[in-house]
Amino acid sequence: MTDINETDAPAKPHVKRPAGARRKRKTNFIDRMAVTTALRNYRIMAWIVGVPLAVLILVAVPLKYFGNNPTPVTVIGVAHGYLYLIFIITAVMLSIKRRWDFKRTIIVILCGTIPLLSFYTEHVVHKNVLAGKPGW
């Protein structure tokens, strides 16, 4: 009986891919951690942006027009504006990690401007990213 070593084993046939076909990328631990981190940051910012926007629209704007007190709109509005810029950065980072197209990224970013919609969008994006589907 002879020992079979690696050199005696038959070589795997080379499979030629069609022109333009891309090689399937293996997802490793680092990639998954990067997506998980980007998703966590997006979720946190969606809530941090959504709560002040809801307070701005549901509390501060009525105070401004019915209570003649414009201070809450000024303070909350400026804070929401700066926080929204961070939200845009986290949404773009998630879209890069998940390889979303431009349209999907813009939809997710614009949903942060509509009161209470950022909560629903965050839920849908979270569910779809965990399932491996596109974000929106």
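Derivation of every value follows stated rules applied to the coordinates shown; laboratory data play no part. Not measured: the values here are computed from a predicted model. Glycine gets a Cβ as well: all are built from the backbone with ideal geometry, and neighbour counts include every protein chain shown.
The number of residues in segment 92-136 that are crowded, with 20+ Cβ neighbours inside 10 Å, touching a residue at least 40 places away in the same chain (Cβ under 8 Å), farther than 17 Å from D31 by Cα and not acidic (D, E) comes to 4.
Those helices (runs of 4 or more DSSP H) of segment 59-128 in which at least 3 residues are over 22 Å from I44 (Cβ atoms), considering only elements entirely within it, cover 61-66, 71-98.
Applying a threshold of 6 Å to beta carbon distances and a minimum spacing of six or more residues, or different chains, the list of pairs starting in segment 66-78 at a residue that is in contact (Cβ under 8 Å) with a residue 24 or more places away in the chain and ending at one that is of a type outside the set (A, V, I, L, M) and in a helix (DSSP H, G or I) reads I76/P52.
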